[in-house]
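Below are the structure tokens for one structure; questions will follow.
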Amino acid sequence: MPARLAVQCRALLSVSPSSARALWLRPPNESFIAEERLGPPAPGALTVCTRYTAVSRGTETLVYTGRVPASEYARMRAPFQAGELPGPVKHGYANVGVVEAGPDGWTGRHIFCLYPHQTRFHMDPASAVLLPDDVPPERAVLAANMETAVNALWDAGLGIGDRVTVIGAGVIGGLIAGLAVGTPGVDVELVDIDERKRTLADALGVAFSAPEHATRERDIVIHASATEAGLASAIGLAGFEATVLEMSWYGEQPVTVPLGGPFHSKRLTLRSSQVGAVSPGRRPRRDHGSRLALAVSLLNDARFDALIAPDVAFDTLPDVMARLADPDDATLCQRIRYD
């Protein structure tokens, strides 16, 4: 079976083993697929044939639309990005592939790595995670987002019996809610302005509410809607000395934060969470590699399939990026198929 997978990859991609095709973003609002030559792999490296990638609705659409502030060009680089903003960049960080060639124990195995949208590439094994047998490749495209969710709950300090509200039923919000509800005694409410997201909440096994009916006096409120109104709601729902965790990144958009009213009298903590650094409480014992491996293992849960939209083909990615950049598009995780 492993050997057949490698042969199928070469046949389906219809390109030389020494070449590949990749998506490039050209801000603002343009993208294209280009062919490139692959050099020989370094000793001990993997040669990977991509099977699936996924588009990050947050970071990748901000890059695509040209809304990354110049001050953040370096900090917001994808791990294996090629090119430099504001010029064209090969971006993306959710890649599931099969190893065509590599050290013993790797060939024919599925891996997850933080590589862009590209049909074939070479990879250091230290930057790849072998998929466990109980994690299907189709679902593993969520691993980068799951890593963000894990880091968020570490930052939030979730404990037994906590009352947790997650505002914004997107991919990150859904993964956080789905993880949090598995902690004993924890009450989780997923809040969104779109009533259609109730179906997602049901699939994840959590309560759902519109903002105006959301439960108040919560122990932890996690904001993941990337809207000013959502952040205001998060502060309003927090109980005395509660934590409001901000997951959203707004790019160039200025945001007004309501620090009047009860913010001071309630002694609220407002803090950010970002996946670029391991949460301080775990940093002495966890590195990026072990955190990503944990995130991959947590995707052995079929509930999270509810976050993934039907596949689209790799060759349609330029049109897909234009669609995903539309704020009215309701897609959560857009999975890309490489056949």
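Run lengths n ≥ 4 of DSSP H only: what is the helix-derived mean residue ellipticity at 222 nm for the chain, with -39500 (n - 2.57) per run over all residues, to the nearest 500? Display every interim value, and only then the final one.
Values: 9 runs with 81 residues, N = 339.
Calculated at 222 nm, the ellipticity per residue is -6500 deg cm²/dmol.
Apply 1/(1 + (r/R0)^6) to the Cβ-Cβ distance of D326 and E84, taking R0 = 30 Å, and write down the FRET efficiency to the nearest 0.05. Write down the numbers at each step before the final one.
On the way: r = 27 Å, r/R0 = 0.88.
Between D326 and E84 the formula returns 0.70.
Does the chain classify as rounded, prolate or oblate by the C-alpha gyration tensor (a ≥ b ≥ c root eigenvalues; a/c under 1.5 gives rounded; else a/b over b/c gives prolate, otherwise oblate)? Numbers along the way, then the final one.
On the way: a/c = 1.99, a/b = 1.66, b/c = 1.20.
Verdict is prolate for the chain.
How many nm separate the modelled label positions at E138 and D187, each set 7 Å beyond the Cα in the direction of the Cβ?
It works out to 3.7 nm between the two label points.
Per-residue counts of other Cβ atoms within 10 Å, averaged by peptide: what ranking do you get for 132-144, 171-183, 31-43, highest first? Working shown, then result.
Details: 132-144: 19.2, 171-183: 24.5, 31-43: 12.7.
Taking the mean over residues of other Cβ atoms within 10 Å, the ranking is 171-183, 132-144, 31-43.
Name the shape class, rounded, prolate or oblate, that the alpha-carbon gyration tensor gives for the range 145-272, where a ≥ b ≥ c are the square roots of its eigenvalues, rounded holds for a/c under 1.5, and otherwise prolate holds if a/b is larger than b/c and oblate otherwise. Show your work: numbers first, answer last.
Values: a/c = 1.39, a/b = 1.21, b/c = 1.15.
Note, shape of the range 145-272 comes out rounded.
What ranking, highest mean first, results for peptides 22-30, 274-282, 147-155 when packing means the other Cβ atoms within 10 Å averaged over each residue? Can you show the working numbers first?
Details: 22-30: 19.1, 274-282: 14.8, 147-155: 23.1.
Descending packing order for the listed peptides: 147-155, 22-30, 274-282.
Provide the FRET efficiency to the nearest 0.05 for the A34-L130 pair, computing r from the beta carbons and using R0 = 30 Å.
Working: r = 30 Å, r/R0 = 0.99.
In this case the efficiency is close to 0.50.
Let me ask another. So how do 92-100, 249-257 stack up, highest first, on mean other-Cβ count within 10 Å? Display every interim value, and only then the final one.
Numbers: 92-100: 25.6, 249-257: 12.7.
Averaged packing, sorted descending, gives the order 92-100, 249-257.
Roughly how far apart, in whole Å, are the Cα centres of the range 274-307 and the range 206-266?
Cα centroid to Cα centroid, the span is 24 Å.
Considering only A242, S272, M146, whose Cα is most displaced toward the positive end of the charge dipole of the range 145-272, charges sitting on Cβ of Lys, Arg (+1) and Asp, Glu (-1)?
A242
Let me ask something additional. Assuming 0.36 nm per residue, please report the length gained on full extension of the stretch T256 to T199 beyond their Cα-Cα distance.
On the way: separation 57, 0.36 × 57 = 20.52 nm, distance 3.10 nm.
Stretched out fully, the T256 to T199 stretch lengthens by 17.4 nm.
All of the numbers you see were taken from the coordinates with simple rules; none came from a lab. Keep in mind the model is a prediction, meaning the values are calculated, not measured. Note that each Cβ is placed from the backbone with ideal geometry, even for glycine, and that neighbours are counted across all protein chains shown.
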